[in-house]
1. Residues 61, 103: which one is at pLDDT 85 or above, surrounded by 10 or more Cβ atoms within 10 Å (Cβ to Cβ) and assigned to a helix (DSSP H, G or I)?
2. Name, by its number, the condition in (1) under 25 Å from residue 94 (Cα atoms); (2) under 12 Å from the mean Cα position of the chain (by Cα) that does not hold for residue 15.
3. If I go through region 27-44 residue by residue, how many of them are in a loop (DSSP other than H, G, I, E, B), at pLDDT 90 or above and out of contact with any helix residue (DSSP H, G or I) (no Cβ under 7 Å at 6 or more places or on another chain)?
4. Taking the conditions exactly as written (touching a strand residue (DSSP E or B) at 6+ places or on another chain (Cβ under 8 Å), part of a helix (DSSP H, G or I) and farther than 30 Å from residue 2 by Cβ), does residue 82 satisfy them or not?
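The values are calculated or read from the model by the stated rules, or taken from the named source; none is laboratory data. It should be emphasised that the depicted structure is a prediction, and the values quoted were computed from it without experimental measurement. A quick note on method: Cβ atoms are made from the backbone with ideal geometry, for glycine too, and the neighbour counts reach across all protein chains shown.
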């Protein structure tokens, strides 16, 4: 990570990463560093319409081989190929609530 205005790059240990910058027109050409790394390492792929990331109905990220990533979920504009109109805060809030409820259910049954 390089803080705004700084020249030095910082390395952080993290258990979770939230990238809230969204995706512009071409998700590969305009990828954030996080999305670019997921694509480069094969942990993600672009959806067939090239408007977002390829994700499963449960918001799991689809990797380069077509398998859902069990630990990575995608919501908001990056999921727009699967959910289309998902740019407004009320829509994203509902998507986040649905995902949180499902993750709690999965954790409780594990």
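1. Selected residue: 103, the only one of 61, 103 that is at pLDDT 85 or above, surrounded by 10 or more Cβ atoms within 10 Å (Cβ to Cβ) and assigned to a helix (DSSP H, G or I).
2. Of (1) under 25 Å from residue 94 (Cα atoms); (2) under 12 Å from the mean Cα position of the chain (by Cα), only one is false for residue 15: (2).
3. 3
4. Answer is yes for this residue.
Table: residues versus (1) under 23 Å from residue 98 (Cβ atoms); (2) under 11 Å from the mean Cα position of the chain (by Cα); (3) surrounded by 18 or more Cβ atoms within 10 Å (Cβ to Cβ).
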| residue | (1), (2), (3) |
| --- | --- |
| 29 | no, no, no |
| 34 | yes, yes, no |
| 42 | no, no, no |
| 54 | yes, yes, yes |
| 67 | yes, no, no |
| 85 | yes, no, no |
